[in-house]
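Contents: one structure, followed by commentary.
The values are calculated or read from the model by the stated rules, or taken from the named source; none is laboratory data. Every value quoted in this text rests on a predicted model; they were computed, and no experiment measured them. Reconstructed Cβ throughout: ideal geometry from the backbone, glycine too, with neighbour counts over all protein chains shown. Ligands, DNA and RNA are stripped out before the accessible areas are found, and what is left, the full protein with its side chains, is counted by its heavy atoms. Shrake-Rupley method; radii C 1.70, N 1.55, O 1.52, S 1.80 Å.
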Amino acid sequence: MAAITPAALAPEPPPRNVVAQISLSKQRMEVIVDGQTRYSWPVSTARKGYRTPTGSYGVERMHRRYFSRKYDNAPMPYAIFFHRGWAIHGTGDLRRLGRPASHGCVRLHPNNAAALFALVKDYGRDNTRIVVTR
């Protein structure tokens, strides 16, 4: 019979994960890393006549540089696609952060988009959730 080592008795470390929690009513994103809130940023989501889907999503794909095929080749830096064509991405329209202004994507300051993109890349797409609530 093999001896039981202290390492075998140690509890498993908690899973590493990133959750981007987006509140449509607050126009805010909380970034939770390993269960602790690391960032809280203003965002812009869908303006009247458009929608940002609610629900819990994984990351479908990521692009450091992306241009919208639907909206006049608009730049979408640090795009993290989470549901069909919807994404979280940076915007140059900083004055409208904190209120609905987009065609449905979740827009944030480019520096914040870069930070989120780096976190997701580091932790992995499979360890990331995008949660959008009213």
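Structural remarks
- Look at (1) open to solvent by less than 60 Å² (accessible area, probe 1.4 Å); (2) not in a loop (DSSP other than H, G, I, E, B) and you find that Tyr39 fails only one, number (1).
- Residue in segment 42-65 that is farthest from the chain's Cα centre (by Cα), counting only those that are under 12 Å from Val132 (Cβ atoms) and part of a strand (DSSP E or B): Ala46
- Unique residue being open to solvent by 20 Å² or more (accessible area, probe 1.4 Å), at pLDDT 95 or above and on the phi < 0 side of the Ramachandran plot when the list is His63, His89: His63
- Members of segment 45-60 found to be within 16 Å of His89 (Cα to Cα) and open to solvent by less than 70 Å² (accessible area, probe 1.4 Å), listed by number: Thr45, Ala46, Thr52, Pro53, Tyr57, Gly58, Val59
Listed here are the residues, each with its yes/no results for (1) touching a Phe, Trp or Tyr at 6+ places or on another chain (Cβ under 6 Å); (2) open to solvent by 50 Å² or more (accessible area, probe 1.4 Å).
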| position | (1), (2) |
| --- | --- |
| Asp34 | no, yes |
| Val43 | no, no |
| Asn73 | yes, yes |
| Tyr78 | yes, yes |
| His109 | no, yes |
| Asp126 | no, yes |
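- Out of Gly98, Gly104, one residue alone is assigned to a loop (DSSP other than H, G, I, E, B), at pLDDT 95 or above, touching a Phe, Trp or Tyr at 6+ places or on another chain (Cβ under 7 Å) and surrounded by 14 or more Cβ atoms within 10 Å (Cβ to Cβ). It is Gly104.
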